[in-house]
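The structure under discussion appears below in the form of structure tokens.
The values are calculated or read from the model by the stated rules, or taken from the named source; none is laboratory data. Only a predicted model underlies this, so the values are computations on that prediction, with no experimental measurement involved. Glycine gets a Cβ as well: all are built from the backbone with ideal geometry, and neighbour counts include every protein chain shown. Accessible surface is based on the protein model in full, side chains and every heavy atom, while ligands, DNA and RNA are left aside. Shrake-Rupley method; radii C 1.70, N 1.55, O 1.52, S 1.80 Å.
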Amino acid sequence: MPDEELQTMNRPPVVRTAPDRPLPAPVHVAPTWLGPVLIVGIVLAALNLRPAITSLGALFEETRTGLGMSGTVAGLITSVPALCFAVFGVTAPRLSRRFGPAAVVCAGMAAVAAGLLIRPFADNAAAFLAASALSLAGIAVTNVLLPVIVKRYFPDRVGTMTGLYSMALAAGTSLAAAATVPLTGALGGSWRTGLMIWAVLALVAVLPWLPIARASRRAARAEAAAVGSGEGTAVRADTGPRVVRSRTAWALACYFGLQATGAYVTMGWLPQIFRDAGVSASTAGVLLALTMVMGVPLAFVIPGLAGRMRNQGPIAVTLGLFGLAGYLGLYFAPAAGAWAWALLLGVSNCAFPLVITMIGLRAKSPAGVVKLSAFAQSTGYLISIPGPLVIGTLYQHSGGWDLPLALMAGLLVPQIALGVLAGRDRTIEDECGMRD
């Protein structure tokens, strides 16, 4: 259902002229500052969706040594992000219905900041894990609700706005991965300081969401008052399709899971693949950075293109073919064409902004988007959890990368097929038999 706030921004209140009928309650007009502040808030929130993870990756060895983590605990921490995204993402629809999506995103950013502030002071692995989980919980609900915010406030610019925050997400990911170690050295060399600096960015992200949340609550109260006076239409807060009945929802969830598997395997194992092929450690790190940086411009271009297309299947096929070419190149000539393979895999990993855009396009209303976003992301992250662990096990037992790379290339075949199914021009409401 389109959001009434932005639709009525420039529309004068309707006045009835019949003398025997009462005038309607005043139409709530969104403040003029809301649109620009929302854009700033969305960008800042997206910038904070990955630094909690990639900053730790950059200092993981120092953190592990400093806290005396065993190998098992260290392995657990590397699997925690996807698990938290799945578990806490499920709570986003209920929280959104109770408090509103803007308020939940505001609280999510506060949780990210709190976790990042607390965890450098942890003196054992359990406390560090708990603080990390707090940040990841905030990231999880924000992951789910940003597409809802876009659908609610920018219904005619879903592709453009999704591209904007996808680009910000990619930029935050790359920035934390590249800048954490140099900043740590400049600030004295302590891994605790290096992890804490990203709390500043999260605190900044809270600021625009405070007035946005207040404006959202005022709009909700005005709408409730209009409904109570008989001048509005009561709508259940939990309206929306039962997404488990939708084939498109399942296709999106599985596509999300397979693309996340590829992304986590790339981030976790690509440098080791290059190093085992004879590439230097420093060059392997630069190659990973190249793969990640590719997501910055393409994360803006792909959603805008997808939003103008009725069927996004061709984009899913194209991205999958880039990935197949990259994995085949790593299989046959990992060192000789290292830069080309890193580039190809960077393009393939832009399936993430595509699937986020499709989530916004495959539902008609904000209620449908929040359910679809929670279902697709939570189910998808659950699917992705075993991927890096399986790849590592195959590598350890086979003694090389041939079998793991063959598996990753093979997984792109169902990913392409699922992308075609998810990209069809239909909505989950249509599949569930719901009217507009």
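Laid out as a table, the results:
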| item | result |
| --- | --- |
| Theoretical gain in end-to-end length, His397 to Thr65 [0.36 nm per residue, Cα-Cα removed] | 116.9 nm |
| Which of Asp123, Asp402 is most accessible, then next, and so on - probe 1.4 Å | Asp123, Asp402 |
| Heavy-atom surface of segment 333-391, accessible at 1.4 Å and reported per residue (Å²) | 26 |
| Leu407-Ala335 pseudo-label distance in nm [points 7 Å out on the Cα-to-Cβ vector] | 2.5 |
| Per principal axis, descending, Cα span of the chain in whole Å | 86, 46, 31 |
| Computed [θ] at 222 nm, helices only, for the chain once each DSSP H run of length n ≥ 4 contributes -39500 (n - 2.57) | -25000 deg cm²/dmol |
| Top of Thr160, Thr65, Thr266 by mean-square fluctuation, Gaussian network on the chain, Cα under 10 Å | Thr65 |
| Hull volume in cubic angstrom per residue (convex hull over the Cα atoms of segment 81-181) | 105 |
| Helix axis angle, 101-118 relative to the chain longest principal axis, alpha carbon, degrees | 30 |
| Share of carbon and sulfur in the accessible heavy-atom surface of the chain [1.4 Å probe, %] | 66 |
| Calculated Rg and Dmax of segment 46-130 using C-alpha coordinates, Å | 14.4, 43 |
| Expected-Rg normalisation [2.2 N^0.38 Å, Cα atoms] applied to segment 98-137 | 1.30 |
| Whole-percent pair-distance distribution, where bins are 10 Å wide, for the alpha carbons of segment 342-382 | 28, 44, 22, 6 |
